[in-house]
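S.K.: Mind looking over this structure? Questions follow.
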């Protein structure tokens, strides 16, 4: 059987805990090498990249091969709203930034990735 | 690269703003001609077709090629619940009606459309 | 046209009513034989298998061919949280248990099932 591939979509901050638990359970079930995992966040949920506790959990998962992606539009909106400005040069090293999160969700599914909305 | 295709699924009224912003960002990112966009609403969220402000935003997106689809079951349920009766002959011209929204979501994914739940 | 296939994803208890209504509408629209339906629940929503009213609705749908699947991790977590312990040997006969719900969601999409999050 070919390797599983999935993109998780997080767009609301309270869903992060569920998403990270889902990813953890998935790796436990099929093994780190058994699945390619992307976690794409857009909307207000990108604020989690400024949350030390969550970043630690993400870092541990990234060390196991999970890729985290943030929507640049959403980072800009978060800053413009006066809530939190995350300097893109200051982002956690494990984090990738894409111009538009929705485009990434579409492209990956077109490549054969499954979609899960926690 | 072939044209991207996506169906957005809206079933709760408060998700409309996110969905419409997602679609706007998507068109900005890949261009109006770069993606085929369907927005399917079912459940109580179909009440948005009676909301002038939202309809205006949808109209502008429809003029750029986005197709909006409403679930007929949901329009009937909305009316039966006493909340709002939208006469199907009176719907905004840009809006299509499908017998069952869930069937549309399945058929489109079978055709290769990506699925996004804002 | 080949038979439609879909996996519904339920992870929050309040979403069960929408999910079961969606499945009912789907079968009404395309006929029981026109679609292969899986309903996968994980997270706290697995508590619904201890809810007599919901189980009755599920049983009726299962008799029409719908397959219900629960995440074993989630059943264990529900019990560990002190909320409800559902003995796996005591589950409704129509219910299947999978080791990890997210893996099932990925595998099924890889097989060509559409994904719907009610």
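S.K.: Could you state the orientation-averaged shadow area of the convex hull built on the Cα atoms of the range C:6-103, in nm² to one decimal?
M.R.: 5.7
S.K.: Now for a separate question. Between rounded, prolate and oblate, where does the protein assembly as shown land on the alpha carbon gyration tensor, with a ≥ b ≥ c its root eigenvalues, rounded for a/c under 1.5, else prolate if a/b exceeds b/c?
M.R.: Oblate shape, in that a/c is at least 1.5 and b/c is the bigger or equal ratio.
S.K.: If one takes the longest principal axis of the Cα atoms in chain A, at what angle in degrees, from 0 to 90 and to the nearest 10, does the Cα axis of helix A:101-111 lie?
M.R.: Here the helix axis deviates by roughly 20 degrees.
S.K.: Pick out which of A:30, A:98, A:57 has the largest mean-square fluctuation in a Gaussian network model of chain A, springs linking Cα atoms closer than 10 Å.
M.R.: Among A:30, A:98, A:57, the largest mean-square fluctuation in the Gaussian network model of chain A belongs to A:30.
S.K.: What average number of partner chain Cβ atoms lie no more than 10 Å from the Cβ of the residues making up B:107-116?
M.R.: 6
S.K.: Sticking with this one: Under the rule of -39500 (n - 2.57) per DSSP H run of 4 or more residues, summed and divided by the residues of the protein assembly as shown, what mean residue ellipticity at 222 nm is obtained, to the nearest 500 deg cm²/dmol?
M.R.: Only helices count here, giving -12000 deg cm²/dmol.
S.K.: Label-to-label distances across copies for residue B:51, with labels 7 Å out along Cα→Cβ, in nm, shortest first?
M.R.: Listed shortest first, these distances are 2.6, 2.6 nm.
S.K.: Let me ask you something else. Which residue is it, in chain C, that holds its beta carbon closest to the axis of the C-onto-B rotation, and how many whole angstrom away?
M.R.: Smallest Cβ distance to the axis, with its residue: C:117, 3.
S.K.: Give the shape of the range A:1-41 as rounded, prolate or oblate, defined through the alpha-carbon gyration tensor: a ≥ b ≥ c are the square roots of its eigenvalues, a/c under 1.5 means rounded, and otherwise the shape is prolate if a/b is larger than b/c and oblate if not.
M.R.: Because a/c hits 1.5 or more and a/b fails to exceed b/c, the range A:1-41 counts as oblate.
S.K.: Tell me the distances, shortest first, between residue B:33 and the same position across the other copies, using label points 7 Å along Cα→Cβ, in nm to one decimal.
M.R.: So the label point of residue B:33 gives 4.7, 4.7 nm to the other copies.
S.K.: Give me the percent relative contact order of chain C, please, defined on Cα pairs under 8 angstrom at least 6 residues apart.
M.R.: Across chain C, relative contact order equals 35 percent.
S.K.: Just B:28, B:54, B:76 to compare: in a GNM of chain B, with alpha carbon springs under 10 Å, which one fluctuates most?
M.R.: Answer for the Gaussian network model of chain B: B:28.
S.K.: Let me ask something else. At residue C:85, label 7 Å along Cα→Cβ: distances to the other copies, nm, ascending?
M.R.: Inter-copy label distances (nm, one decimal, shortest first): 5.4, 5.5.
S.K.: Could you line up A:106, C:86 from fewest to most neighbouring Cβ atoms inside 10 Å?
M.R.: The most exposed by this proxy come first: C:86, A:106.
S.K.: Picking from B:90, B:11, B:25, which is most flexible by a Gaussian network model of chain B using Cα springs under 10 Å?
M.R.: Top of the fluctuation ranking is B:90.
S.K.: So how tilted is helix B:16-30 from the main axis of chain B? Cα-based, degrees 0 to 90, rounded to 10.
M.R.: In chain B, helix B:16-30 runs at an angle near 20 degrees to the longest axis.
S.K.: Would you tell me the mean number of C-beta atoms belonging to other protein chains that fall within 10 Å of each C-beta in C:95-106, as a whole number?
M.R.: Taking the mean over all residues of the peptide, I get 5.
S.K.: How far, in degrees from 0 to 90, does helix B:52-62 lean away from the longest principal axis of the Cα atoms of chain B, to the nearest 10?
M.R.: 30
S.K.: Any chance you could check the Cα centroid distance between the range A:50-105 and the range C:1-70 for me, in angstrom?
M.R.: About 35 Å separates the Cα centre of the range A:50-105 from the one of the range C:1-70.
Read the figures in this text as sums done on the coordinates, not as results from a lab. None of these values were measured; they are calculated from a predicted model. Positions of Cβ are generated from backbone atoms using ideal geometry, with glycine treated the same way; all protein chains shown enter the neighbour counts.
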